[in-house]
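A short write-up of the structure that comes next.
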Amino acid sequence: MTQQEKEFEKKSVKESVKESVKFIVFGARGRVGRAVVAEARGRGYEVTEAGRADGDVTSAVDVARLAAGHDVAVVAAYDMGAVPGEFFPAAARALAAGLPGAGVRRLVCVGLASVLPTESGALLMDTPGYPQEWRQFYEGHAAGTEALRAAVPTGLDWAVLSPAGDFAAAAGPRGGYAFAAADAEARITHADFARAVLDEALTPTVRAAHAGVAGA
């Protein structure tokens, strides 16, 4: 076999692997969801966009129906009318129950920096001067991660990713990213965060844990 034929074979195998991975994005209409969809399609993957009108992410039956035949699920969903401490754990339990039977092997949820530890070890939401008016929302996210940890069966590989601080106000040029401790001043663009989500979805390094991502 010539070198050119070897390269062609390698490329063909790579493309077939790419085509075989199917993504479903719950919360695909939000800013993070849209960025993840764009990144996945930009890499040539098949993506199903799932919004509230398509089904309820807190229903294991709806999750299983929507996710059937997909390999990877990304979740960036929230119901603004729901109580955070009820919504996020309910969604976690529904995902844990509905995804495995649908064929999904990897789950990446979008979390919140507020519940991550800073370099000092203190959670970001407990540091001096951090806004407390949304603490119910912060604690709801944390409860969702704990519910996921308790409910996920063997065979479903999962991770929670969030900005280490917050999203950048403007899109900005495409850059890099790095995993980092929580830092209120850290910023990352939606596009760069989506790259981290896709990379973790396809080649996991964070497992059964919540990690912060900062621009680099």
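The values are calculated or read from the model by the stated rules, or taken from the named source; none is laboratory data. Keep in mind the model is a prediction, meaning the values are calculated, not measured. Ideal geometry is used to build each Cβ from the backbone, glycine not excepted, and the neighbour counts take in all protein chains shown. Only protein heavy atoms, including side chains, enter the accessible area calculation; ligands, DNA and RNA are left aside. Shrake-Rupley method; radii C 1.70, N 1.55, O 1.52, S 1.80 Å.
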Practice problem: Select from segment 138-154 the residues that are of a type in the set (Gly, Ala, Ser) and open to solvent by 30 Å² or more (accessible area, probe 1.4 Å) and list them in ascending order. | Solution: 142, 143, 150, 151
Exercise. Name the strands (runs of 3 or more DSSP E) wholly inside segment 155-216 in which the number of residues that are buried (at least 18 other Cβ atoms within 10 Å of the Cβ), aromatic (Phe, Trp, Tyr) and at pLDDT 95 or above is 1 or more.
Key: 157-163, 177-180
Self-check item: Conditions (1) assigned to a helix (DSSP H, G or I); (2) among the acidic types (Asp, Glu); (3) within 24 Å of residue 199 (Cβ to Cβ); number of the one not met by residue 146
Solution: (3)
Self-check item: Identity of the residue in segment 75-113, touching a Ser or Thr at 6+ places or on another chain (Cβ under 6 Å) and within 20 Å of residue 163 (Cα to Cα), that ends up most open to solvent (accessible area, probe 1.4 Å)
Solution: 112
Quiz item: So which residues in segment 61-89 are in a loop (DSSP other than H, G, I, E, B), aliphatic (A, V, I, L, M) and touching a strand residue (DSSP E or B) at 6+ places or on another chain (Cβ under 7 Å), if there are any at all?
Solution: 76, 77
Quiz item: What about residue 71, is it more than 20 Å from residue 140 (Cβ to Cβ) and modelled with pLDDT of 95 or more?
Solution: yes
Quiz item: In segment 16-27, how many residues are open to solvent by 40 Å² or more (accessible area, probe 1.4 Å) and touching a His at 6+ places or on another chain (Cβ under 9 Å)?
Solution: 1
Quiz item: Could you say which residue among 65, 105 is among the basic types (Lys, Arg) and over 20 Å from residue 29 (Cα atoms)?
Solution: 105
Quiz prompt | Residue that is farthest from residue 194 (Cα to Cα), among those in segment 28-54 that are part of a loop (DSSP other than H, G, I, E, B) and open to solvent by less than 20 Å² (accessible area, probe 1.4 Å) | solution = 51
Quiz item: Would segment 114-135 turn up any residue that is farther than 30 Å from residue 20 by Cβ, open to solvent by 40 Å² or more (accessible area, probe 1.4 Å) and assigned to a helix (DSSP H, G or I)?
Solution: yes
